[in-house]
Amino acid sequence: MKKVYSIILTPVEEGYIVYVPDLNINTQGINIPDAIDMARDAIGLWGICKEDIGETIPEPKTLKPEAKAGDIVTLVDIDFREYRRKEDNRMVRKNLTIPNYLNRLAEKEHINFSAVLQEALKSKLGLD
């Protein structure tokens, strides 16, 4: 799910303050490229946290927010699914049950159960 949000970069003594009006969040960067990267990261993290608590990520409302003289208004795209894939890779222990004969055959072949389950889930969810 890819979205585009406007951001406002305000120059300060040591870089830029970044404001995302549609989400009412701030971050900062040491230069323009860093500020844009930080904005994308802040938006991505904010979005997946909202999803994790069962809320929906709001659609962007304005692509031309009001800004003060000297501010820079630009757009940042974010693919929330890709962001989650890259940033939310902590491992979680799962307990599962399989038939004994499959367990014996897989162990005999030195099959990594976790790797097989991950591959199957990615395939089933269309994340390949």
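Details
- Among the residues of the stretch 40-66, the one identified as buried (at least 16 other Cβ atoms within 10 Å of the Cβ) and in contact with a Pro (Cβ under 8 Å, 6 or more places away or on another chain) is Pro65.
- Meets criteria (modelled with pLDDT under 95 and either surrounded by 13 or more Cβ atoms within 10 Å (Cβ to Cβ) or over 18 Å from Tyr16 (Cβ atoms) (or both)) for Thr74: no
- Single residue of Arg85, Arg40 found to be under 30 Å from Gln118 (Cβ atoms) and at pLDDT 95 or above: Arg40
- Residue list for the stretch 1-27, filter: touching a Ser or Thr at 6+ places or on another chain (Cβ under 8 Å) and small (Gly, Ala, Ser): Ser6
Listed here are the residues, each with its yes/no results for (1) surrounded by fewer than 10 Cβ atoms within 10 Å (Cβ to Cβ); (2) within 25 Å of Leu45 (Cα to Cα); (3) in contact (Cβ under 8 Å) with a residue 40 or more places away in the chain.
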position: Phe80; (1), (2), (3): no, yes, yes
position: Glu87; (1), (2), (3): no, yes, yes
position: Thr97; (1), (2), (3): yes, no, no
position: Leu102; (1), (2), (3): no, no, no
position: Ile111; (1), (2), (3): no, no, no
position: Leu121; (1), (2), (3): no, yes, no
position: Leu125; (1), (2), (3): yes, yes, no
position: Asp128; (1), (2), (3): yes, yes, no
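- Residue within the stretch 51-70 that is in the same structural domain as Gln118 (by TED's automatic domain parsing), at pLDDT 90 or above and not small (Gly, Ala, Ser) present: no
- For the stretch 1-39, the set of residues classified as surrounded by 20 or more Cβ atoms within 10 Å (Cβ to Cβ), of a type outside the set (Gly, Ala, Ser) and under 30 Å from Gly126 (Cα atoms) consists of Tyr5, Met38, listed by residue number.
The values are calculated or read from the model by the stated rules, or taken from the named source; none is laboratory data. Just so we're clear, the structure is a prediction, and the values are computed from it rather than from any experiment. Backbone-built Cβ (ideal geometry, glycine too); neighbour counts: all protein chains shown.
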